[in-house]
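These notes concern the structure reproduced below.
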Amino acid sequence: MTYGTEPNPPHPFLPLSKGKQQNMASNTTTLPTYNPGDISWVLTSTAFVWLMIPGIGYFYSGLSRSKNALSLIIISVLSVAIVSVQVTFVPFSHLIPFDFTKSRCVIVLYALIDCDFRNTLNSCVQWFIWGYSLTFSETSSSPFIGDLTNAFFRGVNNSPSMGNPKIPGLAFAIFQSMFASLTPALAIGSAAERGRILPMTVFIFVWTTIVYDPIAYWSWNTNGWSKRLGGLDFAGGTPVHISSGAASLAYALILGQRTGDENDEFKPHNMSHVVLGTAFLWFGWFGFNGGSAEAGSISAAMACFVTNLSASVGGLAWMLMDYRLNHKFSAVGFCSGAIVGLVTITPAAGYVGPAPAIVFGVAGGIICNFACKLKLAFNYDDALDVFAVHGVGGLIGVLLTGVFADYRVVALDGPTTIAGGWINGHFIQILYQLADGCAGMSYSFVVTYIILFLMDKIPGLSLRVDIKTETNGIDASEMGESAYYHIDKLQGDPAVTEFTHTSS
């Protein structure tokens, strides 16, 4: 029974009368049968992927200068708040006695549930309001974008998910919200040390709606053009990595070079943060790729195995590439290579076996190492090499998936089948992958550039900080806090002294 069909729906927080309970029980429809093991794996993977988001923050923080360390951590975490949904709201979504056409009433209802959530509602809405529906609605006939059938999570709670009918849509939705939160956190890395925080938060909301949702729809939704064409993307090579890499390139071009004199070295300030962030990312990637199987299955086990193998090989390959130049074993090199290995294997994790995973790691580690030199050749300032690692690495992974995707690996789970890639004689698969990857990169770059260009013209949303703010650091100037307050104070940092006097 749905409350929305009753002339006088019961209040969601008051107990029903005995007669009402009996009437509802007699009209209860048969619930779908779900697999508790699959649900547990998907929810566990959700927690794994969530941990990747502060992992990005720590990784970016360690690579930046100390005066910008805190802002990069908090911006990454803010991405969850802006894109995702306050989970406390979700169980009440089936109680809304209104149609979507009266959605303003929904806002009022939630504002009245608990005043402590009002400020949260202002930002934690994208995935809840329309992001999930635009990406995974099953009623849209468009090959490019979904509709608003599941806006405000209507019809999501107890319906089977698109990927696996043995898990409810609610579990699938919260798992996918982590992907939507993670992607813009990756993209804003190129704006490090000179991008304003307020426009970044607005950008995350707008970008996720206009860029991430359509790309994820066409890659994963059964009605998307790439999915219909036959494109293979197990866990987000195009929606997550290629899209964020292309967006980071557009952000870097719009912002321009960082300012600094000839003695100002843009070097990592805290290698412990870099290693810690890499560890969080590596750990979380088991849920990122393994959870994308959407079941506790052999496919999930294989995805976890090849993920770990590709990361290991990628880290070694990058470190050896650096060693050939300076004869030093670089921690930054190993961490960067490990992340590249994780990126490249992402679209293929459920489609390939262990041997091809080595190729993914080696190819990613070598090619992306060279790709980091592109910013010198074309004179753009991608502060944290997001385009080289995620954009180029994601494209490598998508293309190699067309080569090494193996129907024998997919058949380990039984019913799911694919035609395979070149390794199975299905040569056209590489063209499907090329179309998907190039379309995702082109769309993300062009639309992101337009979004940022227009935002920069709006009063109050100028993207770049002024020279004084950049010199003092984003932490002190925009947050009034420092990651290393006591150290900066002992060293007599004027920016720290300034915000200390202001706060007092």
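Of note:
- Separation between Cα centres of the stretch 318-395 and the stretch 427-457, rounded to whole Å: 20 Å
- Bins of 10 Å, starting at 0 and running to the largest distance - Cα pair percent for the stretch 358-470: 12, 28, 30, 17, 9, 4, 0
- Of the three principal axes defined by the Cα atoms of the stretch 175-280, the extents in descending order read 54, 31, 22 Å.
- Accessible surface calculations at 1.4 Å, restricted to protein heavy atoms, place the stretch 380-479 at 43 Å² per residue.
- Accessible area of the stretch 161-255 belonging to carbon and sulfur atoms, whole % at 1.4 Å probe: 67 percent
- Low-density loop cleavage sites - chymotrypsin sites (Phe, Trp or Tyr not before Pro) in the stretch 355-395, where at most 14 other Cβ are within 10 Å (DSSP): F378
- Other residues within the sphere of radius under 11 Å centred on the Cβ of G402, judged by their own Cβ, net out at -2 (K and R +1, D and E -1).
- Compared with the rule-of-thumb size 2.2 N^0.38 Å for a compact globular protein, the stretch 411-471 has a Cα radius of gyration ratio of 2.08.
- Of K67/K373; K328/K468; K267/K468; K373/K468; K227/K375, those spanning more than 27 Å from alpha-carbon to alpha-carbon: K328/K468; K373/K468; K227/K375
- Rounded D (µm²/s) - the stretch 365-406, Kirkwood Rh over Cα pairs, Stokes-Einstein at 4 °C, 1.567 mPa s: 118 µm²/s
The values are calculated or read from the model by the stated rules, or taken from the named source; none is laboratory data. Just so you know, these numbers come straight off a predicted model, no measurement behind them. So basically every Cβ, Gly included, is an ideal-geometry build from the backbone, and we count neighbours across all protein chains shown. Accessible surface is based on the protein model in full, side chains and every heavy atom, while ligands, DNA and RNA are left aside. Shrake-Rupley method; radii C 1.70, N 1.55, O 1.52, S 1.80 Å.
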